[in-house]
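Computed from the coordinates by the stated procedures, all read-outs in this text should not be read as laboratory data. The shown structure was predicted, so the numbers you read here are calculated from the model rather than taken from an experiment. Ideal geometry is used to build each Cβ from the backbone, glycine not excepted, and the neighbour counts take in all protein chains shown.
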């Protein structure tokens, strides 16, 4: 008598036949880790809430200060004031320098 044959084993997925889900996740993680994408997300956050980019970086005190400064600037200076606070927060988050430090090279220095 012949022994019963084992049922065929399903084929193991090879590198080329792996589901596209992992490739999609790899693409997603590479896009989200891109500095360009991170800066775009920070800028979108700033449009909604002044100081959002600093809050995303974990700088809670500075982000909160920019949030309060944005509310005060909106009350007293209008949209221009909020734009300056947003620009300062975004600049501080992406470059580590505030707006005054960014534009100090264009300001004349005092002769000694």
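Here the Debye sum runs over all C-alpha atoms of the range 32-106 as equal scatterers in vacuum, and log10 of I(q)/I(0) at q = 0.12, 0.16, 0.22, 0.27 Å⁻¹ comes out as -0.30, -0.52, -0.93, -1.22. Once the Cα-Cα distance is subtracted from the 0.36 nm per residue extended length, the residue 60 to residue 77 segment shows a gain of 3.7 nm. With contacts taken as Cα pairs under 8 Å at a separation of at least 6 residues, the range 32-106 carries a relative contact order of 26 percent. Put simply, when 87-93, 97-103, 46-52 are sorted by average Cβ atoms within 10 angstrom per residue, most first, you get 87-93, 46-52, 97-103. If I take R0 = 22 Å and measure r between the Cβ atoms of residue 22 and residue 94 in this structure, what FRET efficiency does the formula 1/(1 + (r/R0)^6) give, to the nearest 0.05? Rounded to the nearest 0.05, the efficiency is 0.10.
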